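Read-outs throughout are calculated quantities, based only on the coordinates presented, and are distinct from any laboratory measurement. Only a predicted model underlies this, so the values are computations on that prediction, with no experimental measurement involved. Note that each Cβ is placed from the backbone with ideal geometry, even for glycine, and that neighbours are counted across all protein chains shown.
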Amino acid sequence: MDPDFYTDFENNFRGSREQIIDVLSNYDGLIDYILTIDNDPSLLDIGSGRGEWIQKCNAKGFNSIGLELDAKMVNDCRKLNLNIQEGDALSLLDEFGEDTFSIVSAFHVIEHISHENLKKLIIHAKRILKPEGLLILETPSIDNLMVSSKSFHIDPTHINPIHPDLLSFMIKRVGFTKLKYYFINGGPLQNSQADSLTRVFNGVAQDLVLIASKSSILDNSIFDHMNLIERDMSLGITSLEAAIDFDNFSSNRYAQYDEAIFIMRNRILDIERQLQHYRRLYDMSLLSILVKIFSRLKRLIVSLNLRFKNMIKRFLNYLTNKNLHVKIIKKIYKVKSMYIIYRLLEKIIDKLGFRIYHFKFVKKSRKIKEDCELVAKSDRYLENYFNSSEESKNILKDLDKYSNS
């Protein structure tokens with residue numbers, strides 16, 4: 001592998017030194033606990049990387065040593081005056097005596113080594129820890145679905161996803177008497193609403209840390225007391241806890257919906273009962289009787305009107321097939337006193353869909369174009385008839401006399 005690859009990889013994906021030192025404040029309570037029980041605190045950090053953890057503990061008064069395989073990172077840490085030994089951790093651990101360190105830590109290291117090497121590391125850690133010392137193992141949390149399915153695999157040197165219960169079993173089997181693991185560093189959506197499904201995927205703890213002691217004197221209170229190890233930890237929730245929150249929130253919301261629907265249904269039933277009551281009152285009232293009579297009378301009038309129109313239409317259809325009405329219409333048109341009457345008759349016939357054309361009843365055209373042609377044809381006929389009829393000219397002269405007088 002390119003000697004600078006992993007340094008560049010950490011700088012790109014892990015974050016700046018300041019960001020990592022801020023994340024490591026998770027362990028301020030643990031550091032303070034060690035300082036209260038050990039006057040000569042010491043630290044061995046396995047896989048020290050860029051040295052942020054050693055730098056932080058040195059500032060608190062620890063005598064710290066780091067073990068790192070990457071030569072570039074070793075040189076960078078030595079430039080910061082950090083005590084770093086270069087080489088394979090399992091080989092270097094043989095050089096340290098029993099009961100030497102207050103803290104033995106490995107941050108995001110154990111997922112890079114095989115199961116057998118992890119077992120050897122735990123055995124070495126137990127040997128070199130002071131009786132009251134603490135082992136810290138931090139690793140990506142495979143309980144986080146986004147971590148286990150995606151971000152864990154972005155590092156090409158990750159080979160061993162760590163199950164917390166298996167890790168606990170291995171540590172107990174080696175001889176550690178007290179231990180507890182914590183889910184820490186919640187995802188970006190950890191503060192989202194509990195009914196957000198994305199919180200289940202990207203809001204739960206991203207990292208797992210296991211803290212163990214080989215002491216026969218200590219009890220589990222150091223792990224559970226809020227003012228000790230847990231004091232500054234950024235604890236996160238598990239995927240199961242997020243899913244339970246989601247289910248509980250959804251159940252409560254659906255229960256509220258059911259209650260609202262139940263109340264609404266009762267209101268609808270009350271309204272229906274009131275409507276039925278008012279309907280019965282209306283049916284028994286005089287107004288209801290009058291409305292029914294009026295409705296029947298209206299239907300009767302409409303029916304009679306329709307029947308009358310149909311009778312007239314049938315009569316006019318009958319006349320259109322006979323020639324007798326032509327002579328009658330011609331004589332009617334010659335009677336001057338009947339002018340107003342036959343104009344009114346034309347309007348009535350027009351509404352019924354008929355017209356008098358050449359003294360015959362014809363059906364009106366439903367098309368505007370045909371109507372226009374019919375009108376133009378009638379105008380031409382009337383003009384020719386007027387020019388050839390002396391009687392028409394005499395009628396026009398009489399009309400002019402009336403209008404002038």
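Assorted remarks:
- MET284 paired with LYS60, simple spin-label distance in nm, labels 7 Å along Cα-to-beta-carbon: 8.7 nm
- Contact order relative to length of segment 5-237, as percent, for alpha carbon pairs under 8 angstrom and 6 or more apart: 19 percent
- The mean sequence separation of alpha-carbon pairs under 8 Å and at least six residues apart, normalised by the residue count of segment 86-216, gives a relative contact order of 29 percent.
- Charged neighbours of VAL204, selected by a Cβ distance under 14 Å, balance to -2 (K, R count +1; D, E count -1).
- Anisotropy class of segment 5-237 from Cα gyration tensor, a/c 1.5 cut: rounded
- Of the GluC sites (Glu not before Pro) in segment 65-103, those whose Cβ has at most 15 other Cβ within 10 Å and which sit in DSSP loop: GLU98
- At full extension, LEU344 and ASN11 could sit 109.7 nm farther apart than now, given 0.36 nm per residue minus the alpha carbon distance.
- Residue by residue, segment 111-120 carries 3J(HN,Hα) couplings of 6, 8, 10, 6, 4, 5, 5, 4, 4, 5 Hz when phi is fed to the Karplus relation 6.51 cos²θ - 1.76 cosθ + 1.60 (θ = phi - 60°); x denotes Gly or Pro.
- The distance between label points at ASP232 and ASN266 comes to 5.6 nm (points 7 Å beyond Cα on the Cα→Cβ vector).
- Set LYS130/LYS178; LYS180/LYS214; LYS72/LYS126; LYS79/LYS126; LYS347/LYS393 screened for pairs whose C-alpha atoms are more than 19 Å apart: LYS72/LYS126; LYS79/LYS126; LYS347/LYS393
- Nearest-0.05 FRET efficiency for LYS79 and TYR257, computed from C-beta distance (R0 51 Å): 0.20
- Computed lengthening from SER216 to ARG307, 0.36 nm per intervening residue step minus Cα-Cα distance: 21.5 nm
- Segment 65-176 - charge dipole about Cα centre, Lys and Arg +1 at Cβ, Asp and Glu -1, debye rounded to 20: 140 debye
- Remark: VAL174, VAL302 ranked as VAL302, VAL174, counting other beta-carbon atoms within 10 Å and listing the fewest first.
- For segment 156-210 and segment 220-292, distance of Cα centres in Å: 35 Å
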